[in-house]
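Student: For reference, the structure I am asking about is given below.
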Amino acid sequence: MYFKQILDERCGCASYLIASRQSHEAAIVDPSIDIEQYEPLLRERGFQLRYVIDTHVHADHISGARHLVAEHGAELCMHESAKVTYPFRPLANGQELPVGQLRLRILHTPGHRPELISILVVNPPRSTEPSMVLTGDSLLVGDVGRPDFGGGDPAAQFDSVSKLLRLPDWVAVFPGHFEGPCGKGMCGRPSTTIGFERLYSPLLHMDRDPFVTALTNGIPARPLNMTAIEATNRGVADMPWAMLTSSPPIDEVGIDAIDSAPPNVVLLDVREPDEFVRGYVPGAVNVPQADLANRLDEIPRDRPIFTICQSGSRSLRSAQFLKQQGYHTVSSVVGGTAAWRAAARPMETTGTPSGPLRIADSEWAHAGAITTNTEEVRIPTSR
Ligand SMILES: [Fe+2]
């Protein structure tokens, strides 16, 4: 067999090429939008792409699955419950896809999303037991996928990871993410084993109720442009530009710059509404980063913009996205509302919070490098 993990530093995602060296048939799992990167791997080894599998509808990055299928005449495969508008081959729990002598055995593991599947890789000439499992965003390294990306269910996630933990210790685990917003405590390693996670993953030692509580509370904010990205991956929108694909330099300013900003500045607070209502810098308007691409028409292009969040991570990414979309004068407020609050500056509130705050701000929830004020780095995209 041939097996390759391809890591995307931009979004913290992993995709996979699995092939038979005997029949030269191949499958790609969770392809990035940069589909050109798979071409030399297929061409140089003479692999025929037979299946493209999305383990689930992604909410943090645009899938390249439909483009790959169109280029190679392969079959696009997803779990039978996937609610997308384009045709695909529906997969059922327990079904096996042959790739030459290999078998890709489908295991339905909902929780992060209802349609999420894991894929057991079996190589019968060596063993009838699986040697590895591709887990999408169910079991991650040191973590599990969060359940609030659309139709997710923390109790279902508990059942799914419990099912995965019944696999033998030696089974190698290859997740859909090694960092980024799909979990909140990923280790950073790109792979692990069932045995190691069973022993050392803190979540996997919990009973159902504490597990559900841990997944429900203290979650990071929804990722940048999640609304547009998820809709695009379901086929109900066509916004591939909603993915941040560049890292333009951004002016990072302190909170004092808010006082001396020009009077027509737009102070754009990109936190979640539940954070915003608890206190914001006077004059700020709230457009959560998850909805930014969908709400660009609310953000004037002819006025300077300061983006602000709790600490400066989300505001930086949001500012980069606005620059990518042609906004010229965009700055990010370093330290964000936390610095404003720490300086005992006045804050305004609006509405009534619904219970305790569930959002936890963490730069770990953002994939890729954090620093920006260097040369622009542009990651090529296929389209
Ligand atoms: Fe995901």
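The values are calculated or read from the model by the stated rules, or taken from the named source; none is laboratory data. All figures in this text were calculated on a predicted structure; none of them were measured in a lab. All Cβ positions, even for glycine, are placed from backbone atoms using ideal geometry, and neighbour counts span all protein chains on display. The area values use the complete protein model at the heavy-atom level, side chains included, leaving out ligands, DNA and RNA. Shrake-Rupley method; radii C 1.70, N 1.55, O 1.52, S 1.80 Å.
Student: Consider Tyr2 carefully, then state whether it is within 16 Å of the ligand (Cβ to nearest atom) and at pLDDT 95 or above. Walk me through how you get there before you give the answer.
Tutor: On the way: within 16 Å of the ligand (Cβ to nearest atom): no; at pLDDT 95 or above: yes.
In short, no.
Student: Within the range 58-78, work out how many residues are outside any loop (DSSP other than H, G, I, E, B) and open to solvent by 10 Å² or more (accessible area, probe 1.4 Å). Let's see the steps before the verdict.
Tutor: First, pick out the residues of the range 58-78 that are outside any loop (DSSP other than H, G, I, E, B): 63, 65-72, 75-78.
Going one step further and asking which of them are open to solvent by 10 Å² or more (accessible area, probe 1.4 Å), we end up with 63, 66-67, 69-72, 75-76.
Residues flagged as outside any loop (DSSP other than H, G, I, E, B) and open to solvent by 10 Å² or more (accessible area, probe 1.4 Å) within the range 58-78 amount to 9.
Student: Any idea which of His79, His58 is in contact (Cβ under 8 Å) with a residue 12 or more places away in the chain and within 12 Å of the ligand (Cβ to nearest atom)? Let's see the steps before the verdict.
Tutor: Values: His79 fails: within 12 Å of the ligand (Cβ to nearest atom).
Just a single option satisfies the conditions, and that option is His58.
Student: Check Thr193 against each of (1) touching a His at 6+ places or on another chain (Cβ under 8 Å); (2) more than 15 Å from the ligand (Cβ to nearest atom) and name the one condition it does not meet.
Tutor: Unmet for Thr193, out of (1) touching a His at 6+ places or on another chain (Cβ under 8 Å); (2) more than 15 Å from the ligand (Cβ to nearest atom): (1).
Student: Here is a check on your reading of the model: is Val84 of a type in the set (Val, Ile, Thr), within 16 Å of the ligand (Cβ to nearest atom), part of a loop (DSSP other than H, G, I, E, B) and closer than 19 Å to Leu97 by Cβ?
Tutor: Values: of a type in the set (Val, Ile, Thr): yes; within 16 Å of the ligand (Cβ to nearest atom): yes; part of a loop (DSSP other than H, G, I, E, B): yes; closer than 19 Å to Leu97 by Cβ: yes.
Yes, satisfied.
Student: Ok, one more. Give the residues of the range 98-145 that are within 16 Å of the ligand (Cβ to nearest atom) and among the hydroxyl-bearing types (Ser, Thr, Tyr), sorted by residue number.
Tutor: Matches in the range 98-145: Thr109, Ser118, Thr135, Ser138.
Table: residues versus (1) surrounded by fewer than 20 Cβ atoms within 10 Å (Cβ to Cβ); (2) not hydroxyl-bearing (Ser, Thr, Tyr).
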{"residue": "Ile6", "(1), (2)": "yes, yes"}
{"residue": "Tyr16", "(1), (2)": "no, no"}
{"residue": "Arg21", "(1), (2)": "yes, yes"}
{"residue": "Val29", "(1), (2)": "no, yes"}
{"residue": "Gln37", "(1), (2)": "yes, yes"}
{"residue": "Leu41", "(1), (2)": "yes, yes"}
{"residue": "Glu44", "(1), (2)": "yes, yes"}
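Table: residues versus (1) more than 16 Å from the ligand (Cβ to nearest atom); (2) out of contact with any Pro (no Cβ under 7 Å at 6 or more places or on another chain); (3) open to solvent by 20 Å² or more (accessible area, probe 1.4 Å).
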residue: Gln157; (1), (2), (3): no, no, no
residue: Val173; (1), (2), (3): no, yes, no
residue: Arg189; (1), (2), (3): yes, yes, yes
residue: Pro220; (1), (2), (3): no, no, no
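Student: Also: Since Thr85 meets every condition but one in (1) crowded, with 16+ Cβ neighbours inside 10 Å; (2) among the polar types (S, T, N, Q); (3) within 12 Å of Asn233 (Cβ to Cβ), which condition does it not meet?
Tutor: Only one criterion is unmet by Thr85, namely (1).
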